[in-house]
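The values are calculated or read from the model by the stated rules, or taken from the named source; none is laboratory data. Since we're looking at a predicted model, the values are computed, not measured. Reconstructed Cβ throughout: ideal geometry from the backbone, glycine too, with neighbour counts over all protein chains shown. When the accessible area is computed, the model is the full protein with side chains, heavy atoms only, and any ligands, DNA or RNA have been set aside. Shrake-Rupley method; radii C 1.70, N 1.55, O 1.52, S 1.80 Å.
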Amino acid sequence: MSGRPALERLDGLAGTAIDRAVGRHHRRRLARCGHLAQLDPPRDGSLHAAGGTPPREGSRLEVLVDGAQALPRIAEALEAARSRIHIAGWHITPQFGLRRDVLARRLRDVLAELAERVEVRVLLWAGSPLPLFDPDRAAVREVRAELERASRVRCALDARERPMHCHHEKLVIVDDQVAFVGGIDLTSLAGDRYDSSDHPFQGRRGWHDAASRLEGPAVADVAEHFALRWRETTGERLDRSPPPPPAGEHAVQVVRTVPGKIYETLPDGDFSILESYTRALRSARELVYLESQFLWSPQISGILAAKLRDPPSDRFRVVVLLPARPNNGADDTRGKLAELVRADDGGGRFLAATIASRTGGLAGPLYVHAKVGIVDDRWLTLGSANLNEHSLFNDTEMNVVSCDPELAVMTRLRLWSEHLELAPEQVAGDPARVVDELWRPVAEEQLHRQREGRAPTHRLRALPGVSRRSRALLGPLNGLLVDG
């Protein structure tokens, strides 16, 4: 063992050792707070998290793909408010536009006008305590001042976070009857969230994201979570509305990450997003499809690697869609992808890809910010949680989960139609065939064109740098220093 291969082997061994240390640390953390079953749930066949709130029958879940679909729907719901509006976010830009037509107005002005007739509360992460990354405390205080200036809007800043972590969920709740839960922040910080699903080249970074619109009993769980955080941050106890009546045929489970010891009324926290992903991925027989901003988690990659080493069926495939250049953690993700490539060992079951904005031969950056998981076309989740230790253990997050096969299939076909630039009926059928005959050839050919300096002919591209030589150490090291 000498030279570069020796260094790569040592790099991988060190990364594995750190992963195991982080795993033991989280196991001790969750054991102390009585949540070990959310880290290692019983293999009882259930796809729903046993911790947290139960699935709510009679709910309606609508998946909204990309800002051009989701943001006007949020604007529509806000404008129809009759009693109160509650917004929780990682960050808000007061000048942000939910619409981009003749009705377009600044979010700050929309909320100020609404606050003249309904209660409007906005709950934001207070920002980084040190000006090491955006947004910092001073910038968020400026946002609060702008939202409250000459208006009845109430804005509170939640600084009860674990060190180096944040409040990351993105929620809009109207009259406790309609809720939006997803990955779309109402901000232009780091990129404009308003982008259409055809992602045309615009000369700036595009944005791929997803959100959900909820009606029915599940909305009460979203509203209760907001009320808990608002009470802990401001001391104000909000009146509890009656649970909304049935509004659809979906059973929807609201799952969260809330670290222990940050809220007095939830001292042990809640890790039901972690439990939900663990249950679903362990159950996978034929397909795992993931969209995420990051893929660092040893818990998630470990389950996927075990499946790839010992495939549960000949048609088993894993497809992950990630940003080409995440705003941090690029090497962390590459290390995890390298682990999955090694586990696949040439089996052709694993594909990591990204997408770009494109108009003809012009292509530009497109940021994958969506947080979507689909397993075997029978389990669907989306929300604010990325596949890293931040989202599974340390930030506050919220996702929704459905085990409705029709909704899972419809969502997958919409996303695959968008990314493969084909009609939904052209990406239907056996998922393994679609991955082998459409996803992989297109993605690999476009990566080849990029490396040769030729213009792209498609939006999809295989992720470069996914190889045995990827930096397997950096993901675990980040987990040890930051995510622990």
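Tabulated data for the structure shown
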{"quantity": "Residues of the range 179-236 that turn out to be on the phi > 0 side of the Ramachandran plot and of a type in the set (A, V, I, L, M), as a count", "calculated": "1"}
{"quantity": "Complete set of residues in the range 388-426 that are touching a Ser or Thr at 6+ places or on another chain (Cβ under 7 Å) and not in a helix (DSSP H, G or I)", "calculated": "388, 395, 396, 397, 398, 399, 400, 401, 423"}
{"quantity": "Every residue from the range 283-298 that is open to solvent by 10 Å² or more (accessible area, probe 1.4 Å) and more than 16 Å from the chain's Cα centre (by Cα)", "calculated": "283, 285, 286, 298"}
{"quantity": "Residue in the range 224-238 that is buried (at least 24 other Cβ atoms within 10 Å of the Cβ) and either in contact with a Ser or Thr (Cβ under 8 Å, 6 or more places away or on another chain) or not charged (D, E, K, R) (or both) present", "calculated": "yes"}
{"quantity": "Spans of strands (runs of 3 or more DSSP E) in the range 56-154 with at least 1 residues at pLDDT 95 or above and of a type in the set (Gly, Ala, Ser)", "calculated": "56-65, 84-89"}
{"quantity": "Residue 460 modelled with pLDDT of 50 or more, more than 17 Å from residue 344 (Cβ to Cβ), under 25 Å from the mean Cα position of the chain (by Cα) and crowded, with 22+ Cβ neighbours inside 10 Å", "calculated": "yes"}
{"quantity": "Hits in the range 265-280 - residues which are of a type in the set (A, V, I, L, M, F, W, C) and surrounded by fewer than 23 Cβ atoms within 10 Å (Cβ to Cβ)", "calculated": "266"}
{"quantity": "Residue pairs meeting the criteria (Cβ under 8 Å; at least 6 apart or on separate chains; first farther than 14 Å from residue 285 by Cβ, in the range 300-315; second in a loop (DSSP other than H, G, I, E, B))", "calculated": "309/345"}
{"quantity": "Flag for residue 278 being at pLDDT 95 or above, among the polar types (S, T, N, Q), part of a strand (DSSP E or B) and out of contact with any Lys or Arg (no Cβ under 8 Å at 6 or more places or on another chain)", "calculated": "no"}
{"quantity": "Any hit, the range 361-381, residues being open to solvent by 40 Å² or more (accessible area, probe 1.4 Å), out of contact with any strand residue (DSSP E or B) (no Cβ under 6 Å at 6 or more places or on another chain) and assigned to a helix (DSSP H, G or I)", "calculated": "no"}
{"quantity": "Residue match in the range 335-357 (condition: outside any strand (DSSP E or B), of a type in the set (Phe, Trp, Tyr) and farther than 12 Å from residue 63 by Cβ)", "calculated": "no"}
{"quantity": "Condition check for residue 103: closer than 23 Å to residue 237 by Cα and either buried (at least 19 other Cβ atoms within 10 Å of the Cβ) or out of contact with any His (no Cβ under 7 Å at 6 or more places or on another chain) (or both)", "calculated": "no"}
{"quantity": "Criterion (among the hydroxyl-bearing types (Ser, Thr, Tyr) and at pLDDT 95 or above) met by exactly one of 297, 283", "calculated": "283"}
{"quantity": "Hits in the range 183-223 (condition: open to solvent by 50 Å² or more (accessible area, probe 1.4 Å), among the polar types (S, T, N, Q) and over 18 Å from the mean Cα position of the chain (by Cα))", "calculated": "202"}
{"quantity": "The range 139-181 - residue that is closer than 11 Å to residue 88 by Cα and not hydrophobic (A, V, I, L, M, F, W, C) and, of those, surrounded by the fewest Cβ atoms within 10 Å (Cβ to Cβ)", "calculated": "158"}
